[in-house]
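A short worksheet on the structure shown next.
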Amino acid sequence: MSEIVDVEKAKTVLNNGMEEAKAIIDNPEKVEEVLKQVGDKLATVPVLGNLFTELPDMISLVQSYITKEYTDVSLKVILAAVGSFIYLINRKDLIPDRIPIIGMLDDIAVVGLALEMVKPELKAYREMKAAKAAAAAKKPVAAETPAAPAVTTPAEKTEA
């Protein structure tokens, strides 16, 4: 792949994407639009190994970050993820996507670089989600118990 895609160019592209991500990261609507476009693009991408299988969790991590559900992640990681997403939806690829198989190599290179940056924190995010789901599964649902009718003793009846 390094003969077809220049890894240094891919790094530069990712860094540029991270700069673009910095400009929108504080605007949840813009980030959500990028995430939607990535989801739409993923629906058209042929299965190429397991690299793109990580993207749904990366998208979820970014969504949880911008909604403040999960903020125990470095901004650099979020910017790397969003930067790679911006590149995925960008029309100016290093190799045009319309070229079968080869057209996806630049996308794979950029996403692969971002994934290497995101992987440790993505693992922690998955563990948090699993722990949250396990805690929710163990938490008993409090059933409303109807109040027992008041019982009056014969002595109470005579006093009344």
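The values are calculated or read from the model by the stated rules, or taken from the named source; none is laboratory data. Worth saying up front: this structure is predicted, and the values here are computed from it rather than measured. Note that we place each Cβ from the backbone using ideal geometry, even for glycine, and neighbour counts take in every protein chain shown.
Just one of the listed residues (Y87, Y65, Y125) is of a type in the set (F, W, Y), surrounded by 12 or more Cβ atoms within 10 Å (Cβ to Cβ) and at pLDDT below 90, and it is Y87. If you go through segment 22-31 and keep only what is closer than 18 Å to L75 by Cβ and assigned to a helix (DSSP H, G or I), you end up with K22, A23, I24, P28, K30, V31. With respect to (1) modelled with pLDDT of 90 or more; (2) assigned to a helix (DSSP H, G or I), the lone exception for Y70 is condition (2). Each residue in segment 128-148 was checked for being of a type outside the set (A, V, I, L, M, F, W, C) and at pLDDT 55 or above, and 5 pass.
Quick check on D97: is it buried (at least 16 other Cβ atoms within 10 Å of the Cβ), more than 19 Å from M117 (Cβ to Cβ) and at pLDDT below 90? Yes, satisfied. For segment 62-80, a residue qualifies if it is touching a residue at least 60 places away in the same chain (Cβ under 8 Å) and either acidic (D, E) or closer than 21 Å to V13 by Cβ (or both), and the qualifying residues are L79, A80.
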